[in-house]
Each structure stands twice: as structure tokens, then as C-alpha cells.
Amino acid sequence: MALRQELAEKIRRTEPYVPGEQPQDKVIKLNTNENPYPPAPGVQEALRTMDADRFRLYPDPGAHMLTKALAGRYGVGEDQVFAGVGSDDVLAMCFLTFFTSGRPVLFPDITYSFYKVWAELYRIPYICPVLDQDFRLVREDYYRENGGIIFPNPNAPTAIYEDLGFVEDILSHNRDSVVIVDEAYIDFAGPSALELINKYDNLIVVQTFSKARSMAGMRIGYAISNPDLIRCLNDIKYSFNSYTMSQAAILCGTEAVKDEAYFQEGIRKIVETREWAKGELRKLGFLFPEAKANFIFARHPKYDAGELFEALKKNNIYVRHWNDGRIGQYLRITVGTEKEMKVLFDFLREYIMK
Ligand SMILES: *Cc1c(COP(=O)(O)O)cnc(C)c1O
């Protein structure tokens with residue numbers, strides 16, 4: 001039944017973000033860029049020894065145990081870290097806090113599709129500069145007047161990483177705008193814009209525990225910036241919901257940060273599998289931009305991506321496909337374990353030979 005007009009006009013309605021499928025049966029899941037390896041052993045141990053009596057009390061609204069661990073890990077002050085319920089929560093708070101001038105916010109036309117959803121939800125005007133034919137951001141597009149800038153580095157779903165020279169160029173041309181660099185995949189790529197935090201007071205770097213730290217289900221993300229911008233972000237968060245992060249997330253997140261060796265080894269394994277997988281895809285005739293994330297954005301000149309996506313799914317191999325203009329012939333394939341990738345390649349070999 002359609003909403004009555006009189007009610008409908010009083011309700012905020014919007015086109016929601018569409019997340020990748022989360023099938024409940026056992027499949028080869030290469031569709032939402034999760035990590036195929038478990039979180040650090042200390043996380044399991046923290047869960048095992050956690051006292052449920054602590055759940056009687058509200059958690060620390062500032063999640064200080066976690067922000068302190070992150071500050072230590074990244075060599076910044078504790079007042080430079082803001083933690084939230086996944087980087088989606090952190091980014092949504094950033095949109096609400098920093099993109100308020102009424103001038104259009106800039107983000108690429110092909111990028112994380114949540115940006116457009118938040119802009120629409122908060123009624124923030126936006127302009128989406130078009131990526132060039134190689135899916136690269138065009139720096140000059142970000143020299144125009146704007147109400148803020150956001151882009152992921154590496155970009156999603158292309159997996160292309162822009163070096164710090166590019167990021168710094170955007171920052172220096174936009175001294176009077178907040179520039180958010182969404183570094184969900186930075187650990188698989190190269191130097192982080194965190195190196196520029198003390199040089200640019202308009203920079204916010206957002207990272208997540210969902211990818212390299214194998215904790216998508218625990219929902220932890222964070223922003224690092226200067227104390228002034230972090231204070232503004234906290235003021236908005238406390239005006240929205242004081243207790244966003246659960247006690248379990250604060251504890252488990254802190255344990256994960258403590259185990260640097262496990263973190264580095266996990267990244268090494270994914271990058272190694274990614275580089276091997278690129279070679280296998282090339283042998284099969286796939287084309288893709290240089291992938292620097294934990295996924296590869298590939299197309300095959302001879303096979304329709306939509307049909308291939310469906311064929312894979314029928315065989316319980318899930319990848320991501322968007323039926324959408326310039327990227328309609330691409331599949332985004334998350335890097336799983338070597339064993340999972342072998343199942344994928346066995347299927348592709350057969351699909352392409354027949
Ligand atoms: C996965 C992802 C996020 C969000 O991850 P959370 O699970 O909410 O931390 C943010 N930005 C990009 C580009 C992503 O791919």
C-alpha cells in the first residue's frame with residue numbers, strides 16, 4: 001500500500017545504500033572485502049574472559065581505552081582520535097559535522113556509494129567529478145570552490161591508490177575546506193595521509209577495523225585529525241548518541257591494536273595472495289587497473305560481467321557486480337585465502353575454455 005500523501009510529505013525519505021549480500025550458507029565469499037583470516041588471538045581471548053556483569057553499565061562514551069591504544073599505535077595525541085561504530089558511522093558523523101556550508105561537497109563519480117547516500121540524507125549539495133578513462137581522479141577537478149572533499153585512497157571499487165603527492169596537492173589547494181581521506185584499504189596499499197596530519201589542519205583520515213584487522217562484524221572505525229576538528233566531531237556525536245561503541249567493541253578493538261606482529265603478517269598474506277591472483281587473472285585474459293587494496297576490479301573483454309556474476313553465484317562463489325554505466329562490465333573480486341582463490345580460478349578456467 002502506498003503511503004497517504006498527507007503522511008508522506010512529513011516523512012524524510014531517501015534512497016538507501018545497498019550493501020553486498022551476506023548469504024547465510026557456506027559460500028566462497030569474495031563480495032564485501034572482508035578478511036578471510038581471523039582477528040588477532042587476543043581478541044578471542046578478550047571475548048572468552050569478558051565478564052558479562054560489565055554490560056550492566058554503560059560503556060565509556062569516549063571509548064578512551066581504544067582511542068589511547070590507537071593514539072599510541074599511530075603516534076598522535078589521544079585528543080586526535082575519534083572512534084565510532086565502523087567507519088560508516090565515523091564518516092556519517094563527519095558529513096554531519098563538516099559539510100554544512102551549503103556549498104557543494106566534491107567526491108568522484110565512481111567511488112564508495114555511501115557518500116552520495118549521506119549527502120542526500122543530510123541534504124548536502126554535491127558534485128561528482130568524473131574519473132578519467134583509466135579510473136584515476138583528476139586533481140584539477142578539486143581546485144574549484146567547494147563545501148568539502150571526500151575520497152577513498154585506495155579508491156573503491158577500483159582499488160587504485162594515489163600517492164601522497166596527489167593527496168597533498170588536493171589538501172594544499174583546499175586550505176579552507178575539510179578534506180576527508182577514507183583509508184579503509186590503506187594497509188594493503190602504501191603510505192597513509194596520516195603523515196600529513198600535522199601539516200594540514202583541514203585533513204581528516206578515516207580508517208577501519210573491518211578490512212585489514214578482520215573485524216567487520218565488531219563494527220569499529222576511527223578518525224584521526226587535529227584536536228580542534230576531533231572536538232567538533234565529538235560534540236556532534238554526543239548530541240546524537242553518547243554511547244555508540246559497545247563495551248565488547250572497545251575491549252576487542254584495543255586487543256587487536258596491541259598485536260602489531262599479527263596485523264603485519266595478515267597484511268603480508270593478503271598482499272601476497274593478491275599479487276599471485278593478479279597473475280592468474282591475467283593468464284585468463286582479464287584486464288584490471290593496478291590493484292592496491294584487498295580486492296581486484298576486473299573485466300574480461302570476451303565475457304559479459306553480469307552473466308559471469310550469475311554463473312559464479314550459481315556455483316556458490318560470490319563476487320560484486322554493479323549494473324551501472326561505466327563499471328557494468330567489471331567484477332569486484334575480494335582477495336580471499338589462496339584456497340578460495342583457487343576454487344574461483346578453477347571455475348573461471350572452465351567457464352572460459354568451454
Ligand atoms: C568498507 C568500507 C568502509 C566502511 O567500513 P566499516 O565496516 O563501516 O568500517 C568505508 N569506506 C570504504 C571505501 C569501504 O570500502
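Every number here is computed from the coordinates shown, using simple stated rules; none is lab data. The structure displayed is predicted, hence computed values, not measured ones. Note that we place each Cβ from the backbone using ideal geometry, even for glycine, and neighbour counts take in every protein chain shown.
Scanning residues 5 or more positions from residue 295 or on other chains, those with amide H under 5 Å from its amide H are 335, with H placed 1.01 Å from N in the peptide plane. For the peptides 79-88, 111-120, the ranking by mean Cβ contacts within 10 Å, running from highest to lowest, is 79-88, 111-120. Under the criterion of Cα pairs below 8 Å and six or more residues apart, the relative contact order for the chain equals 23 percent. Sorting 179-185, 260-266 by their mean Cβ neighbour count within 10 Å, with the most densely packed peptide first, gives 179-185, 260-266. For the range 59-258, relative contact order (Cα pairs under 8 Å, six or more residues apart, normalised by length) works out to 29 percent. Taking packing as the residue-averaged number of other Cβ atoms within 10 angstrom, the listed peptides 67-74, 157-164 run from highest to lowest as 157-164, 67-74.
Tell me the mean residue ellipticity at 222 nm calculated for the chain from its helices only (DSSP H runs of n ≥ 4, each -39500 (n - 2.57), averaged over every residue, nearest 500).
That calculation yields -11000 deg cm²/dmol at 222 nm.
Taking the empirical scaling 2.2 N^0.38 Å for compact globular proteins as reference, the range 59-258 has a Cα radius of gyration ratio of 0.96. Projecting the Cα atoms of 247, 31, 76 onto the charge dipole of the chain (Cβ charges, centred on the Cα centre) puts 31 farthest toward the positive pole. Which of the aspartates and glutamates could be linked to residue 342 by a straight reach, that is with a Cα gap under 13 Å, when you skip same-chain ones fewer than 8 residues away? Counting by Cα, and skipping residues close in sequence, residue 342 has these aspartates and glutamates nearby: 280, 350. May I ask for the Rg/Rh ratio of the chain, computed from Cα atoms with Rh as the Kirkwood radius, given to two decimals? Reported Rg/Rh (Cα atoms, Kirkwood Rh): 0.97. Charge dipole of the range 1-65 (Cα centre as origin; +1 on each Lys and Arg Cβ, -1 on each Asp and Glu Cβ, all else neutral): 160 debye, rounded to the nearest 20.
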